[in-house]
Amino acid sequence: MTPLRRGLYAITPDWHDTERLLAVTDAILAGGAVLLQYRNKAADAALAHTQASALLALCRRYQVPLLINDDVALAAAIGADGAHIGRDDGELASARARLGARAILGVSCYADLDRARDAANGGADYVAFGAMFASPTKPHAPPAPVSLLREARPLGKPVACIGGITAENGGALVAAGADLLAVISDLYEAAAPRERAAAYTALFADH
C-alpha cells in the first residue's frame, strides 16, 4: 500500500449526474485532494458501478487513491484502491481478505476511541472521527470532540475527521492532529471547487 498522504480527503455527494460529478471531482483533484471516496447513497448498483469506474480512471490520472464507501464488493469489482467501512458494513478482517494486503481500509469511529483502537489493532489504515461540526450530510450524527484527534495519536494510524468541515474551521482540526480532512458539501457545492480544494491543501502546508 502506498502510504497515505496528509491533506484533503474528498467525498462525493449523492449526485445522479455523472458528467457533473466527474467535472467537479476533476477540479477538486486539480486543487490538491490526496484521497477520494466514492459515496452515493442514492445510486442503484448500475449507476454506482458506472460512476465509480469513471472516478477510478480520473483518480489514476492524478495518482490519487479511490476508496469505495460501504461496498467492498464494488471496490473489488472495479479494482479500487480500498474501501471505507462504517458500523454496519461488515468486518474489517473480511474486507481485508476480499481486497488484499495492499488495499487502503478506513473505519468510521464516530466519537468512540475504543472503536478506533480496535480498528487500528485490526489492521485499519486510518481511523475517522466525526461529526466534528454540524453536518448537512449527517444531521443526526453525534458530535465528536476535537480532543479525540489528540487522544488517537498513540494509535499510530492516520486520523481523518469529517462532519461540517470547511476551509475556515479546518485549520483548527489540522492543528489538533488531523491527517485528513474529509469534506463533501463545502467542496462539491463550492462556486469554485478547484480553488476551494486548494484552500484546504494550504491548511496542511502551515502544519
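The values are calculated or read from the model by the stated rules, or taken from the named source; none is laboratory data. Small disclaimer: the values here were computed from a predicted structure and weren't measured. Cβ: placed from backbone, ideal geometry, glycine included. Neighbour counts: every protein chain shown. In case anyone asks, the SASA skips ligands and DNA or RNA and just uses the protein heavy atoms, side chains included. Shrake-Rupley method; radii C 1.70, N 1.55, O 1.52, S 1.80 Å.
A few remarks follow.
- Between Leu47 and Asp17, the modelled labels are 1.3 nm apart [label points 7 Å from Cα along Cα→Cβ].
- In this simple spin-label model, placing a label point 7 Å from the Cα along the Cα-to-Cβ direction at both Asp26 and Arg60 gives a separation of 1.7 nm.
- For segment 85-162, the fraction of 1.4 Å probe accessible surface lying on carbon and sulfur atoms is 52 percent.
- Overall, the anisotropy analysis places segment 15-78 in the oblate class: the square-rooted eigenvalues a ≥ b ≥ c of its C-alpha gyration tensor yield a/c not less than 1.5, with a/b not exceeding b/c.
- A 1.4 Å probe run over the chain, with the rest of the protein chains in place, finds 44 Å² accessible per residue.
- Taking His16, His140, His84 as the candidate residues, the one with maximal mean-square fluctuation in a Gaussian network model of the chain, Cα springs under 10 Å, is His140.
- The modelled label-to-label distance between Glu168 and Arg102, using points 7 Å beyond Cα along the C-beta direction, is 4.3 nm.
- Between Ala124, Ala33, Ala77, the residue with the greatest mean-square fluctuation in the GNM of the chain (Cα pairs under 10 Å linked by springs) is Ala77.
- For Asp71, the residues 5 or more places off, or on other chains, whose built amide H falls under 5 Å of its own are His84.
- Reciprocal mean inverse distance between Cα atoms of segment 31-130 - Kirkwood radius, Å: 13.8 Å
- Three principal axis extents describe the C-alpha atoms of the chain; from largest down they are 40, 40, 33 Å.
- Principal axis analysis of the Cα atoms in segment 108-194 yields extents of 41, 25, 21 Å, listed in decreasing size.
- Separation of alpha-carbon centers, segment 142-159 and segment 176-207, rounded to whole Å: 19 Å
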